[in-house]
Amino acid sequence: MARIAGVNIPANKRVLISLRYIFGIGPNNAKDIVAALKIPEDRRVNQLTDDEIMRIREMVDRDYRVEGDLRREEAMNKKRLMDLGCYRGLRHRKGLPVRGQRTHTNARTRKGKAVAIAGKKKVTK
């Protein structure tokens, strides 16, 4: 297993797929990295030489914001919106969808599990 940006990437997968295990590197960034370093797209991670792994590691560290830095930046952006008290910040604070999605139905992922409303008990005589 190769370790890049603090993440153990799977050794038996292609380099393009394995790089996506790093938070902040998606399909396009992975393709750009492989193309810039002239590594064949069908090469597997366990077939890479130590020099190639080192070059990938250096490029990711130098050119991309990944893992902890990216998570911290996203958290700070959300915190800034919440501190401003703008609409998006209020939605983040309440745990509701931020980008205009409907909440009457759906939005269960963001809102959490549905809670039944406790109604009045039926009185029987």
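Contact order normalised by length for the chain, with contacts defined as Cα pairs under 8 Å and 6 or more residues apart; what percent is it?
Relative contact order comes out at 18 percent.
Hey, if you put +1 on the Cβ of every Lys and Arg and -1 on every Asp and Glu Cβ in the stretch 22-125, which of Ile117, Thr103, Gln47 ends up farthest toward the positive end of that dipole?
Ile117
Would you mind computing, in nm to one decimal, how far apart the modelled labels at Ile117 and Leu96 are, each placed 7 Å from Cα along Cα→Cβ?
Calculated label separation equals 1.6 nm.
How big is the Cα convex hull of the stretch 1-74 in projection, averaged over all directions, in nm²?
4.3
Looking only at Cα atoms, what is the convex hull volume of the stretch 39-86 per residue, in Å³?
Hull volume normalised by residue count: 107 Å³.
First obtain the Kirkwood hydrodynamic radius of the stretch 53-112 from its Cα pairs, then insert it into the Stokes-Einstein equation at 4 °C and 1.567 mPa s, and state the resulting D in µm² per second as a whole number.
Translational diffusion coefficient: 94 µm²/s.
Only residues of the stretch 40-81 count here: report those whose backbone N is under 15 Å from the spot 7 Å along Cα→Cβ of Lys31, or say none.
41-42
Could you pull the Cα extents of the chain along its three principal axes, largest to smallest, in whole Å?
Projected onto its principal axes, the Cα set of the chain covers 82, 39, 22 Å.
I'd like the orientation of helix 50-63 relative to the chain: the angle between its Cα long axis and the longest Cα principal axis, in ° from 0 to 90, rounded to 10.
50
Give me the percent of the accessible area of the chain that comes from carbon and sulfur atoms, probe 1.4 Å, all protein chains in place.
50
Return the FRET efficiency for the residue pair Arg110, Arg20: r is the Cβ-Cβ distance, R0 is 35 Å, and the value is rounded to the nearest 0.05.
After rounding, the FRET efficiency stands at 0.90.
Pop the C-beta distance of Met54 and Asn77 into the FRET formula with R0 = 30 Å and round what comes out to the nearest 0.05.
About 0.40, to the nearest 0.05.
Quick check for you: with a 1.4 Å probe and neighbouring chains kept, what is the accessible area per residue of the chain, in Å²?
Computed with neighbouring chains in place, this is 76 Å² per residue.
What's the center-to-center distance, using Cα atoms, between the stretch 63-125 and the stretch 25-42 in Å?
35
The values are calculated or read from the model by the stated rules, or taken from the named source; none is laboratory data. Since we're looking at a predicted model, the values are computed, not measured. Note that we place each Cβ from the backbone using ideal geometry, even for glycine, and neighbour counts take in every protein chain shown. When the accessible area is computed, the model is the full protein with side chains, heavy atoms only, and any ligands, DNA or RNA have been set aside. Shrake-Rupley method; radii C 1.70, N 1.55, O 1.52, S 1.80 Å.
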